[in-house]
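Engineer: Structure below; questions to follow.
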Amino acid sequence: MLENSTILVTGGTGSFGHAFVPMTLAHYSPKKIIILSRDEMKQWEMAKLYSDDKRVRFFIGDVRDRERLYRALTGVDYVVHAAATKIVPTAEYNPFECVKTNVMGAMNLIDACIDMGVKRVVALSTDKASSPINLYGATKLASDKLFVASNSYGGEHGTRFAVVRYGNVMGSRGSVIPFFLSIRDSGVLPITDPRMTRFMISLEQGVELVWHALDDMEGGEIYVKKIPSMTITEIAEVVAPGARQDLVGIRPGEKLHEQMIGAEDAPHTYEYPEHFKILPAIHNWSATPVRIKDGIKVSEGFTYASDTNPQWMSRSDLAAWIEVNRAKIGAI
């Protein structure tokens, strides 16, 4: 599908973009990948990686700026929406700014994509959008709802919208693994709660889920990758064996366990070998065979959460992953 196409990635200088660009160039050989972001220094640093590849272009802009989006989307076939204000404390202390980017920015992008005739759009979501307890999660839930409902007015071009949802990416900047690595020599690691669990997904898996969504979507689906869980104490023991674990308590807006599918979504959720799909509740779209395909409806009251997950990552698997990826952990 992406062969010889033009793809735009909003917020493309972040962790996702740094994985998506080289993987997509190698796997699909698109005509052009456009990176839209507002940080000129990050663009300058990323552009040096592709100085010999004219297929990668850079465009300064902000999803808050609707007119700039129209210019950026000229000739674009597919969009991956990764731009967001996503640090939980930042969102809590700067709520207006979070809403402007995550909600108003989503609205701007949806309108611009429809008007410019973009074929398909995939928006990146988060586990925090499922039964949200912080502003970041609430804005991403609103964003998810916007992208799902926008399939009602895709216009004569038939622009389609879908969402992919996953938790914190292993090794990404600001996440727990690079944080523990940075302080392990002190011999003490802060633990919020020994019961805490987290989903474990790699950037590569996140990119592959977006590829699948672009290929599979009819419009309105939320794709959730099946991934393993670990406890926070297991992660700490792998990163710093023998280190003392000091309990510091859960931070404001933080959940004990991650959830990607809530019981309220169960009536519209279908299971597949490697993922789940939450189908739209509106317009009876969740009953359409073209969206269900070969999916199996989940049981009543089903939830997909990190503490009740049937799939768990072993300590040895995490240690092997860290060894292979050590050079890039926390770099982007």
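The values are calculated or read from the model by the stated rules, or taken from the named source; none is laboratory data. It should be emphasised that the depicted structure is a prediction, and the values quoted were computed from it without experimental measurement. Positions of Cβ are backbone-derived with ideal geometry, glycine not excepted, and every protein chain shown enters the neighbour counts.
Engineer: Give region 217-230 a look and list any residue that's over 17 Å from the mean Cα position of the chain (by Cα) and surrounded by fewer than 20 Cβ atoms within 10 Å (Cβ to Cβ), or say none.
Structural biologist: GLU218
Engineer: OK, next. Please count how many residues of region 205-255 are aromatic (Phe, Trp, Tyr) and touching a strand residue (DSSP E or B) at 6+ places or on another chain (Cβ under 6 Å). Break it down into steps so the answer makes sense when it comes.
Structural biologist: First pass over region 205-255, keeping only residues aromatic (Phe, Trp, Tyr): 211, 223.
Cutting the leftovers down to touching a strand residue (DSSP E or B) at 6+ places or on another chain (Cβ under 6 Å) gives us 223.
Total meeting the criteria: 1.
Engineer: Return the residue satisfying two criteria in turn: it lies in region 5-49 and is farther than 17 Å from VAL169 by Cα and of a type in the set (S, T, N, Q), and of such residues it is surrounded by the fewest Cβ atoms within 10 Å (Cβ to Cβ).
Structural biologist: Applying the filter and picking the extreme gives SER29.
Engineer: Looking at SER150, SER229, can you tell me which residue is modelled with pLDDT of 95 or more, under 29 Å from PRO289 (Cα atoms) and among the polar types (S, T, N, Q)?
Structural biologist: SER150 is the lone residue from the list that is modelled with pLDDT of 95 or more, under 29 Å from PRO289 (Cα atoms) and among the polar types (S, T, N, Q).
Engineer: Here is a follow-up. All but one of (1) surrounded by 12 or more Cβ atoms within 10 Å (Cβ to Cβ); (2) more than 23 Å from the chain's Cα centre (by Cα); (3) among the charged types (D, E, K, R); (4) over 17 Å from VAL176 (Cβ atoms) hold for GLU323; which doesn't?
Structural biologist: So GLU323 meets the others, but not (1).
Engineer: So, one more: Applying the selection to region 260-284, what residues are assigned to a loop (DSSP other than H, G, I, E, B) and hydrophobic (A, V, I, L, M, F, W, C)?
Structural biologist: Scanning region 260-284 gives LEU279, ALA281.
Engineer: Here is a list: ALA112, ALA106, ALA82. Which entry is touching a residue at least 60 places away in the same chain (Cβ under 8 Å), within 22 Å of ALA142 (Cα to Cα), crowded, with 17+ Cβ neighbours inside 10 Å and of a type outside the set (S, T, N, Q)?
Structural biologist: Just a single option satisfies the conditions, and that option is ALA82.
Engineer: Tally the residues that are in contact (Cβ under 8 Å) with a residue 60 or more places away in the chain and either polar (S, T, N, Q) or part of a loop (DSSP other than H, G, I, E, B) (or both), restricting the search to region 225-257. Steps first, please.
Structural biologist: Going residue by residue through region 225-257, those that are in contact (Cβ under 8 Å) with a residue 60 or more places away in the chain are 225-230, 234-235, 237-240, 251-257.
Within this subset, residues satisfying the condition of being either polar (S, T, N, Q) or part of a loop (DSSP other than H, G, I, E, B) (or both) are 226-229, 240, 251-257.
Count: 12.
Engineer: Let me ask something else. Which members of region 205-224 meet the condition of being in a helix (DSSP H, G or I) and aliphatic (A, V, I, L, M)?
Structural biologist: Answer for region 205-224, where residues must be in a helix (DSSP H, G or I) and aliphatic (A, V, I, L, M): VAL207, LEU209, VAL210, ALA213, LEU214.
Engineer: When you go through ALA123, ALA149, ALA162 one by one, which is the residue that is of a type in the set (Gly, Ala, Ser) and either surrounded by fewer than 16 Cβ atoms within 10 Å (Cβ to Cβ) or more than 14 Å from the chain's Cα centre (by Cα) (or both)?
Structural biologist: One residue alone meets the criteria, ALA149.
Here's the yes/no breakdown for (1) free of Cβ contacts under 8 Å to residues at least 60 places away in the same chain; (2) acidic (Asp, Glu):
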position: VAL207; (1), (2): no, no
position: ASP215; (1), (2): no, yes
position: GLY219; (1), (2): no, no
position: TYR223; (1), (2): no, no
position: ILE261; (1), (2): no, no
position: HIS268; (1), (2): yes, no
position: ALA281; (1), (2): yes, no
position: TRP285; (1), (2): no, no
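Engineer: Need a quick list: strands (runs of 3 or more DSSP E) entirely within region 7-96 having at least 2 residues that are farther than 14 Å from VAL207 by Cα.
Structural biologist: Because the criterion is at least 2 residues that are farther than 14 Å from VAL207 by Cα, the strands (runs of 3 or more DSSP E) in region 7-96 that meet it are 32-37, 56-60.
Engineer: For region 182-209, give me the residue count where each residue is over 28 Å from LYS277 (Cα atoms) and either in contact with a helix residue (DSSP H, G or I) (Cβ under 7 Å, 6 or more places away or on another chain) or crowded, with 21+ Cβ neighbours inside 10 Å (or both).
Structural biologist: Looking only at that region, the number is 5.
Engineer: Six or more apart or on different chains, Cβ atoms under 6 Å: show the pairs whose first residue is in region 290-301 and within 10 Å of GLU271 (Cα to Cα) and modelled with pLDDT of 95 or more and whose second is outside any helix (DSSP H, G or I) and among the polar types (S, T, N, Q).
Structural biologist: VAL298/THR269
Engineer: Is it the case that some residue within region 124-145 is touching a Phe, Trp or Tyr at 6+ places or on another chain (Cβ under 6 Å) and of a type in the set (A, V, I, L, M)?
Structural biologist: For region 124-145, residues touching a Phe, Trp or Tyr at 6+ places or on another chain (Cβ under 6 Å) and of a type in the set (A, V, I, L, M): absent.
Engineer: Do we have any residue at all in region 120-129 that's more than 21 Å from PRO30 (Cα to Cα), in contact (Cβ under 8 Å) with a residue 60 or more places away in the chain and touching a Gly at 6+ places or on another chain (Cβ under 8 Å)?
Structural biologist: To start, the set of residues in region 120-129 that are more than 21 Å from PRO30 (Cα to Cα) comprises 125-129.
If we keep only those that are in contact (Cβ under 8 Å) with a residue 60 or more places away in the chain too, we end up with 125, 127-128.
Applying the additional criterion that residues be touching a Gly at 6+ places or on another chain (Cβ under 8 Å) yields 127-128.
Yes, there is a match, as at least one residue in region 120-129 is more than 21 Å from PRO30 (Cα to Cα), in contact (Cβ under 8 Å) with a residue 60 or more places away in the chain and touching a Gly at 6+ places or on another chain (Cβ under 8 Å).
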